[in-house]
Amino acid sequence: MTPPRARTVLALALLVTAVVVAIAVGPAMSVEDAVRSSDADGLNASELRPSPTVTTESVADPREYVVIATDASAIDAAALSHHGTVGTRFGNRIEVTMPPSNRSAVANLSWVERVEPAGTVQPTQVAGSGNRSDLGVSRIHANGTTGANVSVGIIDTDFSPDDPTISDNVVTVRRFTEPQSPTHGVKAAQTVVATAPDANLYLATVSTATDVAAAVDYLRQQDVDVIVMSLSLPQFDDDGDHFVGDQLVAARDDGSFVVVSAGNQRQRHWEGAFTSPDGNAFLNWTPDDERVCVPNCDLRFSGTLDIYLDYPNDGDGSDYALELVNPVERTLLARSQRTVVSDDRVLEQIRVSVSSQAVDMQLQHTAGPADDDLELHVYGDVRRIETPVPTSSITPPADSPAAVSTAAYDRGVERTASYSSVGPTDDGRQTPTLTGYTNIETPSGVFTGTSAAAPYVAGVAALVESGTTTDQSPAALEQRLVESADDIGAAGVDAESGAGVVNAEAAVPAPPALHATRAVSPREVTAGETVTVTTTTTVRDGESNLGLSDRFDPSVTGASIEQVQIDGNPAQVGDLQVSAADETGATVAVSAAALSDGTTVTHTYTVTTPAEPGVTYTIDGTVTNGQSTSTTITGNTTFTTVASQATRYDSDGDGRITASELGDAVTDFGQGSLTASELGDVVTAFGQS
C-alpha cells in the first residue's frame, strides 16, 4: 500500500510554517527538515536496523514495583524487605524497590497475587506560558472572603513547604515518597494561596499510584474540605474503575470536594479499533497512513517520549507491538514492552530519549485475533502527534465519578486550551466537569496546563466554602460552581469545557449588605443589678448613615450608653447624630462621614434591671444603612433576673447552699461567667445554710 502523503520539503511556505509550529511546540522541536519519504507504509523488521542514537529505559523491569497481596492482612513486610526496600503500603498493595532479578522470587511468596511495575504519575503541565490569566478574585478578597478556616489538601510530586509564599498556610506535610525538585507542587500550592489566601494547606508528596491512594486516604482522615491533584495516572483505563478512583469516591462520601486536572492529552492521544485493510498486520491510524509522525511530518524530534498502549486482555491471545522508527534512516528506535497484564487488560510502554531525527510511530498486530480496541497516550517533550484522536483523551484519575475534572481555559483566546483533554470517559460518562484558568502567574513562574486549572478551581471552591454561612457538601459546592459557570464553546454542557469556565465572582456568595450581632452578659442577673449589651455592625455602604435601635420588652429601670467605637477607636462627637438609652431601649446613629465600606461599629450600653426576680427581658433590634438596607440584629436576645445568685445555684430548691453547689459557683467564677460580687452572694448563702 503506497498512498501519497504530501511532504513537500523545499517550498519556502512550508519552511515558514515549520518554524511557526516549532515555536508553538516548544524547545524540544527542531525546524530542520525531517525529510520523510512520500509514503506512510509500515516498516517491517527486515527493513530496519538498530539505532545507535537512542537511549531506552527498560520499562518492563523498572526498579520500583508494587506487590499485590491476596489479602491486606496477609502482607509480610518483613519477608518482603529481604528482597528490597519496602515503600508505601495501602490496602492489599505494598511497594518495594529491588533489582529486577528479585521479581520472580517475590512473585513466588505465598501471599503474593502478582508483582507489577509501580505506575508513576505524570504532572499535567505543558511547556510555554501563553496568555497569562488574572484570577478574577481581587474583589472577593476585598469583601473579606479569603478562604479562612477552609482546609485544602494538595497531592503532588514535590513541595517546598518553607517557601515564604505558602509557609504561613501550611498545616502539615506528609511524604509518601521523597520529593523531587520543588517546582510543580509549589506552583500548585501558590495557585491555591493566590486564589484563597487564608486557606489551610495539607500537602502530600507522591510518585506512584499507590502513593496517591494512600495520600487521598490520609487527607480523608484529616477531614480536609477540598482535595486537589494536578497529576495523571496513565496506567489506568479511563473508565473510573480503579483503586485510586475508589479512594476518591470514599473521600467525597466523607465530605471532601475533589478536584482533578483533566489532562493535556487532546493532541497526543489516539484510540480506535485495529484495522488493516490490506492485511499486512500494520494498524491504519487513518485510512491512508500506517505511520504517525511525531510531532508532525515536517519536523524532527528531540527529547524524551513516554508512551502507553492499552488494549483488552480477553483470553484469546491477541498481542500488539508499538514501535518508534526513523523512516528516513530506516532504524528501529524502540519497541513497546508489557508492563501490566491483568485479568482484563494489557498495558505496554515505551520510555525513550531521542536525539534530533525523524520519528514515526507504527503499530503491528503480532498474535491472536486482530479485533481489539486500542488506546494510546503520548507523554514527554512533545505537544502533539500527527493525527490525534481528541475524543476520550481524559486521563485518570479525572475519570473517577467523584472527581470534578477540570479542563484548561486560555483567557487570551477565550476558549479551552488546544491541549486540554476532552471526554467522554471510556464508559461513556460526561467529562470534564468544569474549566478553570490556566497560564497563572505565580512567584515561581507561570503555571500552565490543566495543572494550573485544577488548583485554581480548588481555590475558588475554598472561597465558596468560606463565604457561606453553613458547611457545604461536595454536591452543593459542585452545583454552585456548575450553575454559576460561564458557558463557552458548544451551548450547554459539552465534552471540551463541561459546564463552562468557573466564574469566581458569580460562584462566591456576596457578603451581606449589612450584618449586626448582639452579645448580652450575663444572661442571668440578680434583680436590680446591671446587664452589659454589645452590638457589633459591619457596614457595606459607606455613603449612608448608620442607625441602630434596640427595644426592651418589658421596660427596665434604665439604660445608659457606655461607648461607641468605629473600627476600634472611640467615636468623636461629630461622628454621632444620636446616642441615647432609657428604660424602653437604646438608639445610636452614626454619620456617613465617619463610615466607609467594611467599617465596624461597636456600641456598648448597660441596662439596670428592676428589683423583681424571675422576669425574662427580650431585646428586639434592627440596623439600617441607608433608606433601603436594614437587617435584624442576630445573637443574644434575652436576659433573666433571679432573686440572687444563691438561688441560681440552689439546684435542689431546699433554700440552702451545699458544698457541692458552692463548688459549681466557684467553677463558673473561674470560667468568667460569675463576677466576684455574685460569687460573694453564694458564699454568704453557704455560710448561712
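The values are calculated or read from the model by the stated rules, or taken from the named source; none is laboratory data. Keep in mind the model is a prediction, meaning the values are calculated, not measured. Ideal geometry is used to build each Cβ from the backbone, glycine not excepted, and the neighbour counts take in all protein chains shown. When the accessible area is computed, the model is the full protein with side chains, heavy atoms only, and any ligands, DNA or RNA have been set aside. Shrake-Rupley method; radii C 1.70, N 1.55, O 1.52, S 1.80 Å.
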Leaving out ligands and nucleic acids, note down the accessible area per residue over the stretch 500-614 with a 1.4 angstrom probe, in whole Å². 43 Å²
Accessible area per residue, 1.4 Å probe, Å², for the stretch 246-298: what's the number? 30 Å²
What does the highest-first list of 526-533, 455-462 look like by mean Cβ count within 10 Å? 455-462, 526-533
1/(1 + (r/R0)^6) with r = Cβ-Cβ of residue 180 and residue 79, R0 = 25 Å, i.e. FRET efficiency to nearest 0.05, evaluates to 0.25
Any chance you could check the Cα centroid distance between the stretch 184-211 and the stretch 220-266 for me, in angstrom? 14 Å
If you consider only alpha-carbon coordinates, what radius of gyration and Dmax does the stretch 128-234 have, in Å? 14.0, 42
Rg followed by Dmax, in Å, when the stretch 631-689 is reduced to its Cα trace: 13.7, 50
Run lengths n ≥ 4 of DSSP H only: what is the helix-derived mean residue ellipticity at 222 nm for the chain, with -39500 (n - 2.57) per run over all residues, to the nearest 500? -5500 deg cm²/dmol
Can you tell me how the stretch 335-427 classifies by the Cα gyration tensor, rounded, prolate or oblate, using a/c under 1.5 as the rounded cut? oblate
Nearest-20 debye value, the chain charge dipole, Cβ charges on Lys, Arg, Asp, Glu: 1600 debye
Between residue 572 and residue 415, what is the spin-label point distance in nm, taking each point 7 Å from the Cα along the Cα→C-beta axis? 5.9 nm
Alpha-carbon centroids, the stretch 518-596 and the stretch 146-176: separation in whole Å: 42 Å
Report in % the part of the accessible area of the chain that belongs to carbon and sulfur, leaving out ligands and nucleic acids; probe 1.4 Å. 48 percent
Over the stretch 245-317, what relative contact order in percent results from Cα pairs under 8 Å that are six or more residues apart? 10 percent
Using the basic label-point model (7 angstrom from Cα toward the beta carbon), what is the residue 49 to residue 608 distance in nanometres? 11.1 nm
Rounded to the nearest 5, what % of the DSSP beta bridges within the chain are antiparallel ones? 80 percent
Expressed as a percent, the portion of alpha-carbon pairs in the chain spaced more than 51 Å apart is 32 percent
Heavy-atom accessible area per residue, the stretch 305-396, 1.4 Å probe: how many Å²? 31 Å²
